[in-house]
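The structure under discussion appears below in the form of structure tokens.
The values are calculated or read from the model by the stated rules, or taken from the named source; none is laboratory data. Everything numeric here is computed off the predicted structure, so don't read it as measured data. Cβ atoms come from the backbone with ideal geometry, glycine included; neighbour counts cover every protein chain shown.
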Amino acid sequence: MFSKSVFLALSVSIFLFLPSIAEVSSKQMDMNSIALTIETIRSLEKEDLQVHFKKIIDKKTDPDFYIKVWINGELFVSDIYWNTKYLYNIDWKVSKEIPSDVTEVPIRLQLWDAADENIKEDRLCDLNQRIGDSDADKEINLIYNMKTGEWEGDDYRGDPSGYGRLNGCDDGSIYVQELDVELWFKITQDDPDGDGIPSWVETNVYGTDPYKDDTGLDYDGDGIPIEWEWKWGYDPFTWDNHSSLDPDGDSITNWEEYYMRNWSSDPYRVDLFVEMDQMIGPNGEPGMFPEGGKEILFTAFDRQNIVLHLDDGRMGKESRSDLIPFDDLTECFWNRFDELDEIYETYFLNEKDGDIRRGIFHYGVVIYQSSLVNGNIFGPNRFQISAKGMEDKFKNDIFLNDRDVIYASAYMHELGHTFNFHPIPGHNRYSYYPWQIGFWLSRPYKSCMNYGYMYYTVDYSDGTHGFNDYDDWERMDLSFFEEDW
């Protein structure tokens, strides 16, 4: 039998070599959680009749999307979103505990279209700007920095599609048959004070308290708070003239980008804000512009990395979109104050922040019927289309069989006038119909600005079709809407 002294010696030795409860607890707690959230997924499928092309993912149904994400090597897979082309506010979130001594965390993201009765096997969708057909050319690989809270790789702050936004058409495949998709995401980590700024940055760079919420504090007095300047790479302790800075050239200053921050505005990517007010329909309809037409508009602009933000009421409390009382005929006149101007002043300028929105938003109102024309610009930032005119074209023109396209094309045409396109081939009374010579002389200009393509096409031309064609996407004057007439 062991003596008491031997037993005591062994017990002491074991105790000395075992980690203490405090040490075990410390090792368990010495972790930080990182989370990736998928917010929006949009198919970039679209029919472009002007170039005889139709981009599709599934031939007979809508896509069946699902997501694969690897965070530091661990795989997470979402459920399948069956037969759904556009997914908003899905907020699919996955998280992973990361040891505190790890600074750079690899993240890999894939979007798949699942097999169904028409497709025999799952197919990887394209989210990447690289040209090619390998998985690496379609998936997204990022490195997230646990200290700074920033990420780099296939998405980064200042890239053309935007920070936290992916665009499968970035490889130049707008008119190429690929499984192109637009996806919005965000990456966050544990943050004790909830201001979004990583504790390491607060402690080692800013000298602020990582346990005190700094949200809204403007340490340098330049009108923009610390959390926005951190996210977009500005020094929150150095004054910047944010009221004049416009790094992406979209005529929306940094201060205005901050004002629109809840609408996913990005100071390094072109944002296009349009307020759509609608007149109540003759049978009490809450507006007559079809939802499918809005989605076509989003795709037309978004695939060009001009992100369309349409305030049609979808932004909740921050929305300023209005329903206008029904009027069977809106009296309009050329070059004098009329009922359209009354609508503009009442429902746009007279909003509580109308003076601010005047420098951010274009205004496109859908009335029932104008006394003049079915669509026109009546100021550098404002235009109308007439719902009755659109419905009549859909019902009476045997060649116009897509109601969504009719509305979207007319709206995009009038919106185009707020970009000051000039010249516009085919935009005259000699170019409406195939029996007119102007119709044929202007055919190379494959834009909805051209009357010969209006109501058929929801796109601007890219200037690649020879003589008498223009690249509308390059010649947009994004500041024209701020002028006064």
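Structural remarks
- Every residue from the range 74-85 that is surrounded by fewer than 17 Cβ atoms within 10 Å (Cβ to Cβ) and part of a strand (DSSP E or B): Glu74, Leu75, Phe76, Val77
- Matching helices (runs of 4 or more DSSP H) fully within the range 253-369 where at least 3 residues are crowded, with 16+ Cβ neighbours inside 10 Å: 254-259, 291-302, 339-344
- Here Ile406 fits the description: more than 22 Å from Pro380 (Cβ to Cβ), in contact with a Leu (Cβ under 9 Å, 6 or more places away or on another chain) and either free of Cβ contacts under 8 Å to residues at least 24 places away in the same chain or not polar (S, T, N, Q) (or both).
- Test: residue in the range 422-429 that is in contact with a helix residue (DSSP H, G or I) (Cβ under 7 Å, 6 or more places away or on another chain) and at pLDDT 95 or above: yes
- When the range 88-119 is filtered for residues that are of a type in the set (Gly, Ala, Ser) and within 28 Å of the chain's Cα centre (by Cα), the ones remaining, listed by number, are Ser95, Ala114, Ala115.
- Residue in the range 434-446 that is part of a loop (DSSP other than H, G, I, E, B), more than 21 Å from Val274 (Cα to Cα) and of a type in the set (Ser, Thr, Tyr) present: yes
- Cβ-Cβ contacts under 7 Å between residues 6 or more apart (or on different chains), taken from a first residue in the range 317-333 that is basic (Lys, Arg) to a second residue that is not in a loop (DSSP other than H, G, I, E, B), are listed as Arg320/Glu275; Arg320/Asp311; Arg320/Arg357.
- Of all residues in the range 156-213 being among the polar types (S, T, N, Q) and either modelled with pLDDT under 95 or over 19 Å from Lys85 (Cα atoms) (or both), the one that is surrounded by the most Cβ atoms within 10 Å (Cβ to Cβ): Ser161
- Whenever a residue of the range 108-131 is part of a loop (DSSP other than H, G, I, E, B), its partners that are among the hydroxyl-bearing types (Ser, Thr, Tyr), lying with C-beta atoms within less than 6 angstrom and at least six residues away or across chains, give the pairs Ala114/Tyr66.
- Boolean, Lys393 is assigned to a loop (DSSP other than H, G, I, E, B) and either among the basic types (Lys, Arg) or assigned by the TED database to the domain that holds Leu49 (or both): no
- Scanning the range 179-205 for residues that are part of a loop (DSSP other than H, G, I, E, B) and under 20 Å from the mean Cα position of the chain (by Cα) yields a count of 1.
- Where a residue in the range 148-172 is in the same structural domain as Glu229 (by the TED database) and its partner, wherever it lies, is surrounded by fewer than 21 Cβ atoms within 10 Å (Cβ to Cβ), with Cβ under 6 Å and at least six apart: none
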